[in-house]
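Read through the structure below, which is laid out as structure tokens, and then see the notes.
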Amino acid sequence: MIADNILQETIYHLTQGDITPTEKASVEKEQALKDFDALCGSIRTLLRVWWSSYTSEGSALYEDLLSLIRTSLADAAEILEGKAGFTKEQLRSIESEVQEGKRDPLGRDKERLEQERDPKVAWEHGMDTVKEAGVSVIGAAQGAKEGLEESRQKTEEKLEAAYYSVGHLFFGVVA
């Protein structure tokens, strides 16, 4: 609150003052203008260096991030490709068995349907199906977790390298 009043009073007094330049003041004014121009040039140079460093490091991080995204999408597509190929082969196999009469029009195995008339066998088949699905889901989750961990480590290493590079550039130190 007090600092605001001091600032307001300073601005008021500066606008009310009557400054009459002397000969010595005009020489000092010219020197002050030269010094100010030199300071502005130094600040511009510093900002150019900082911006150049920032954009070069930033673009490298941006490129690394895009690379990470492309690689992750390629991995996901590869998994889908493998699953799609497996599914294609299974569907063709089922279709040929339907044509041979081993399966009904819905693709269900006629022999298995006959066995599942016994509730105990039907329950066992159901449990086997659940077990296979669970193993498949767990395996996929573990694979995804490993891939994400590897990607996280690579990204962390690149960010750390960029951090030290920027720190060295601006402060001349490496932590």
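The values are calculated or read from the model by the stated rules, or taken from the named source; none is laboratory data. Values in this document were obtained by computation on a predicted structure and should not be read as measured data. Cβ atoms come from the backbone with ideal geometry, glycine included; neighbour counts cover every protein chain shown. Ligands, DNA and RNA are excluded from the accessible area calculation, which covers all protein heavy atoms including side chains. Shrake-Rupley method; radii C 1.70, N 1.55, O 1.52, S 1.80 Å.
Worth a mention:
- Yes/no for G107 being assigned to a helix (DSSP H, G or I) and either modelled with pLDDT under 80 or small (G, A, S) (or both): no
- Looking at E114, E97, E78, just one residue is charged (D, E, K, R), surrounded by fewer than 11 Cβ atoms within 10 Å (Cβ to Cβ), assigned to a helix (DSSP H, G or I) and modelled with pLDDT of 85 or more, and that residue is E114.
- Taken across segment 130-139, residues that are touching a residue at least 60 places away in the same chain (Cβ under 8 Å), assigned to a helix (DSSP H, G or I) and open to solvent by less than 90 Å² (accessible area, probe 1.4 Å) do not occur at all.
- Index of the failed condition, T10 passing every other in (1) farther than 29 Å from A161 by Cβ; (2) modelled with pLDDT of 70 or more; (3) surrounded by 10 or more Cβ atoms within 10 Å (Cβ to Cβ): (2)
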